[in-house]
Every structure is written in structure tokens, then in C-alpha cells.
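The values are calculated or read from the model by the stated rules, or taken from the named source; none is laboratory data. Just so it is clear, the model here is predicted, and its values are computed rather than measured. Neighbour counts are summed over all protein chains in view; Cβ atoms, including those assigned to glycine, are modelled from backbone coordinates with ideal geometry. The protein model used for the area step is the full one, side chains on, heavy atoms only, and it has no ligands, DNA or RNA in it. Shrake-Rupley method; radii C 1.70, N 1.55, O 1.52, S 1.80 Å.
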Amino acid sequence: LKKEGVPMNNSIQYFLENVIPGLEKIKKDFFTNPMCFDKYIENVKNIVLDFVCHIISEVLEECNILLEESMKRVIYWHIKDHSQKNIMSPVSMLSFTCTRFKNKETKETAYLLDRLLGISAHDRMSDGVKAAILEETVQTIYEKAGMEACPGECVSRENVMRHVRRMEIPVKRPGRAC
């Protein structure tokens with residue numbers, strides 16, 4: 001139940017009903033079998049990340065409600081419908097209710113929360129996820145280049161990266177064949 005005027009009430013309730021019992025259970029499992037230390041760490045991390053996603057999702061829903069209740073918004077937009085939105089973030093999948101609005105003059109429809117967050121119309125990834133994908137791709141390419149540069153030897157991805165960043169790409173001048 002969401003109580004108006006009590007920020008993060010759902011997250012506090014979620015913490016009490018899910019996070020604390022979850023942490024107690026995995027602590028008990030760990031005490032039963034302390035050899036599973038890495039599994040214990042992974043389970044704690046998963047519970048905490050799940051809670052972080054819950055908090056972020058709740059805050060996004062609160063932002064959405066503020067947009068719905070905005071007097072400035074009422075002048076130009078009316079509420080068309082609501083939908084569940086899922087966005088990949090660096091912590092995990094965020095799931096929240098988002099309102100689609102319709103412009104009173106242009107008849108354009110838009111998710112104003114997406115605009116506020118800088119998310120494109122059909123985007124399902126945050127900029128943080130996109131950046132992580134690019135970073136992982138670059139690191140993987142550096143590693144592969146280092147392994148294939150000299151058969152039988154391995155150049156570290158850090159060395160490959162350093163050399164790539166130091167490279168100067170010559171400007172091709174008109175009239176030169178090579």
C-alpha cells in the first residue's frame with residue numbers, strides 16, 4: 001500500500017518484508033556451510049541490488065506522479081494511458097509505471113518521464129548500460145588484439161590500449177596515392 005506524503009514508503013516496507021528476511025536466511029545458510037563464502041557474498045549482493053532497483057523504480061514512479069499532478073503539465077498535456085516500463089540499468093532491470101501524455105494542441109503523444117530522464121522513445125537501456133557495453137567491447141578487443149599481435153606472446157590489453165591512444169592517424173592529403 002502506498003501512503004501519500006510518505007516518501008519511499010513502499011521501499012521501507014519492501015526492506016522489512018523481503019530484504020531483512022532474505023539476509024537472515026542467507027546468513028543462516030552461510031552459518032550452516034561456511035565453505036560457501038563466495039556464494040554467501042553473491043547472495044548478499046543480489047539481495048542488495050534487488051533492493052536498489054526497488055528504490056530507484058519507486059523514485060521513478062514518484063517522478064511520474066509529480067508529472068501527472070503538475071499544474072504546468074495540465075496546461076499543455078492530458079493523460080492518455082499508463083504502461084509498465086522496463087529499462088536495463090547498471091544495477092539491473094528497473095520496472096516502473098509510466099504515463100503517456102497527449103499534447104492538447106499538437107496531438108503528439110509522449111512519455112514525459114522519458115524526456116525528463118533523456119531516454120529516447122523506444123530505448124530500453126540507460127546510458128550507463130550503453131557505456132558499459134562499449135567499455136566491455138573495447139576491453140575485449142584490446143585483449144584479443146594483444147593475443148593476436150605476436151603469435152606465442154601476449155601483449156597486455158593495457159599496453160594495446162596505451163599504443164592505440166598514442167597513435168596518430170595521418171591525414172590523407174589530396175593528390176597522394178598512399
message = Based on this model, can you work out whether Tyr40 counts as in contact with a helix residue (DSSP H, G or I) (Cβ under 6 Å, 6 or more places away or on another chain), modelled with pLDDT of 95 or more and open to solvent by 60 Å² or more (accessible area, probe 1.4 Å)?
response = yes
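Anything in the stretch 98-137 that is of a type in the set (Val, Ile, Thr), in contact (Cβ under 8 Å) with a residue 12 or more places away in the chain and out of contact with any Asp or Glu (no Cβ under 8 Å at 6 or more places or on another chain)? List them, or say none. Steps first, answer last, please.
Keep residues of the stretch 98-137 that are of a type in the set (Val, Ile, Thr), which gives 99, 106, 109, 119, 129, 133, 137.
This time we only want the ones that are in contact (Cβ under 8 Å) with a residue 12 or more places away in the chain, so: 99, 109, 119, 129.
Listed by number, the residues that qualify are Thr109, Ile119, Val129.
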ask   = Given (1) touching a residue at least 40 places away in the same chain (Cβ under 8 Å); (2) surrounded by 15 or more Cβ atoms within 10 Å (Cβ to Cβ), where does Ile56 come up short, assuming only one miss?
value = (1)
ask   = Any residue in the stretch 73-86 that is closer than 24 Å to Phe15 by Cβ and free of Cβ contacts under 8 Å to residues at least 24 places away in the same chain?
value = yes
remark   = Taking the stretch 43-53 and keeping only residues that are of a type outside the set (A, V, I, L, M), open to solvent by less than 70 Å² (accessible area, probe 1.4 Å) and in contact (Cβ under 8 Å) with a residue 40 or more places away in the chain, one is left with Phe51, Cys53
note = Here the residues within the stretch 60-73 that are open to solvent by less than 60 Å² (accessible area, probe 1.4 Å) and not hydroxyl-bearing (Ser, Thr, Tyr) are Leu60, Glu61, Glu62, Cys63, Asn64, Ile65, Leu67, Glu68, Arg73
ask   = Counting residues that are under 30 Å from Val19 (Cα atoms), which helices (runs of 4 or more DSSP H) fully inside the stretch 55-168 reach at least 1?
value = 112-117, 127-148
task = Filter the stretch 115-142 down to the residues that are touching a strand residue (DSSP E or B) at 6+ places or on another chain (Cβ under 7 Å) and not β-branched (Val, Ile, Thr), then identify the one that is surrounded by the most Cβ atoms within 10 Å (Cβ to Cβ).
result = Ser126
message = Any residue at all in the stretch 106-116 that's at pLDDT 85 or above and touching a Ser or Thr at 6+ places or on another chain (Cβ under 6 Å)?
response = no
